[in-house]
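Asker: One structure, pasted below without further comment.
Derivation of every value follows stated rules applied to the coordinates shown; laboratory data play no part. In this text the structure is predicted, and so the values were computed from the model without any measurement. Cβ: placed from backbone, ideal geometry, glycine included. Neighbour counts: every protein chain shown.
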Amino acid sequence: MITEEQQAPRSLFKTLIHGIGVIINWFEVGSLVFCITALSILLIVNFVAREVHTSIYFAEELSEFLMIFTTFVGLSYGVRRGRHIRMGAFLELMSPKLEKVFIIIISLVSAAVMFYMTYASYEYLINSYQRAHHTPALRLPAWIFYVITPVGFGLAGIQFLRTILKNLTESDTWISPEQQSEYEEEELISGE
């Protein structure tokens, strides 16, 4: 039986993990809403401007930046919500305990890949910074466009680590920090 002294650190740990998730969620959702809204407004305004024979000179450059930002923040969001590519049919054939073990192994490998990509994209960012290239239209340093790349990979790695911790601390099987394995089956059954 678990005593109160043993329960307190476990509760504090769960609270800390939940708090990290809330902060990351706030950043992801806020960033995605802002970027998609800004991209939509920019493209509509630029379309209207072209109809009156003028154009916003930096529209393409800024829309490219917004797409890069959306892609890499969306990577972390997709992992957190369990919307990444996985072998669901293969996992469903396993027993619940074996499924949990495989999810932990897959999450561990995926986290390692994400953290390696964080390092590689950081190196690319530093290389871009040292070359001091500027964007053609806005004349901004090109490295500014790449800052989100290591951040997005790093946040995705954190989400995979949160999946591992969730599976180690909970009795149920979790495919992501916020998505239980059984939920999909219920969703499929209710959607028929």
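Asker: Can you give me the long-range amide H partners of Trp174? Hydrogens built in the peptide plane at 1.01 Å from N, cutoff under 5 Å, separation of 5 or more residues or another chain.
Answerer: Ser181
Asker: I've got another one for you. Extension gain Glu178-Tyr57, at 0.36 nm per residue separation less the Cα-Cα distance, in nm?
Answerer: Working: separation 121, 0.36 × 121 = 43.56 nm, distance 4.18 nm.
Taking Glu178 through Tyr57 to full extension adds about 39.4 nm, to one decimal.
Asker: Okay, next question. With label points built 7 Å along Cα→Cβ from the Cα atoms of Ala112 and Ile144, find their separation and express it in nm.
Answerer: In this crude label model, Ala112 to Ile144 measures out at 3.8 nm.
Asker: Continuing with the same structure: Starting from the Cα gyration tensor of segment 106-169, take the square roots of the eigenvalues, sort them a ≥ b ≥ c, and report rounded, prolate or oblate (rounded when a/c is under 1.5, otherwise prolate if a/b is larger than b/c, else oblate).
Answerer: prolate
Asker: Sticking with this one: Which whole-number percent gives the relative contact order of the chain, counting Cα pairs below 8 Å spaced six or more residues apart?
Answerer: Relative contact order comes out at 24 percent.
Asker: Students often check this: by mean Cβ neighbours within 10 Å, which of 72-85, 108-121 ranks highest, and how do the rest follow? Walk me through the numbers before you get to the answer.
Answerer: On the way: 72-85: 19.2, 108-121: 16.3.
Per-residue Cβ counts within 10 Å, averaged per peptide and sorted highest first, yield 72-85, 108-121.
Asker: Shape verdict for segment 1-104, please, from the Cα gyration tensor: rounded (a/c under 1.5), prolate (a/b greater than b/c) or oblate.
Answerer: oblate
Asker: Using only Cα atoms, find the angle between the long axis of helix 4-51 and the longest principal axis of the chain, and express it within 0 to 90 degrees, rounded to the nearest 10.
Answerer: Tilt of helix 4-51: around 30 degrees.
Asker: Within segment 16-41, name every residue whose backbone N is under 19 Å away from a label modeled 7 Å from Cα of His84 along the Cβ vector.
Answerer: Within reach of a label on His84: 17-18, 20-29, 32.
Asker: How big is the convex hull of the Cα atoms of the chain, per residue, in Å³? Mind showing how you got there, number by number?
Answerer: Numbers: hull volume 30.4 nm³, N = 192.
Roughly 158 Å³ of hull volume per residue.
Asker: Further question on the same structure: Helix 148-169 against the longest principal axis of the chain: what's the angle in degrees, Cα atoms only, rounded to the nearest 10?
Answerer: Between helix and principal axis, roughly 10 degrees.
Asker: Still on this structure, I have one more. Going through segment 89-189, which trypsin sites (Lys or Arg not before Pro) have at most 10 other Cβ atoms within 10 Å and a DSSP loop state?
Answerer: On the way: sites: Lys97, Lys100, Arg131, Arg139, Arg162, Lys166; in loops: Arg139.
For trypsin sites (Lys or Arg not before Pro) across segment 89-189 that sit outside H, G, I, E and B with at most 10 neighbouring Cβ atoms in 10 Å, the list reads Arg139.
Asker: Any idea what the dipole of segment 4-191 comes to, in debye rounded to 20, about its Cα centre with Lys/Arg Cβ at +1 and Asp/Glu Cβ at -1?
Answerer: Numbers: 13 positive and 18 negative charges, 114 e Å.
Its charge dipole is roughly 540 debye.
Asker: Residue separation times 0.36 nm, minus the C-alpha to C-alpha distance between Ser40 and Trp26: what's the value?
Answerer: Numbers: separation 14, 0.36 × 14 = 5.04 nm, distance 2.11 nm.
Taking Ser40 through Trp26 to full extension adds about 2.9 nm, to one decimal.
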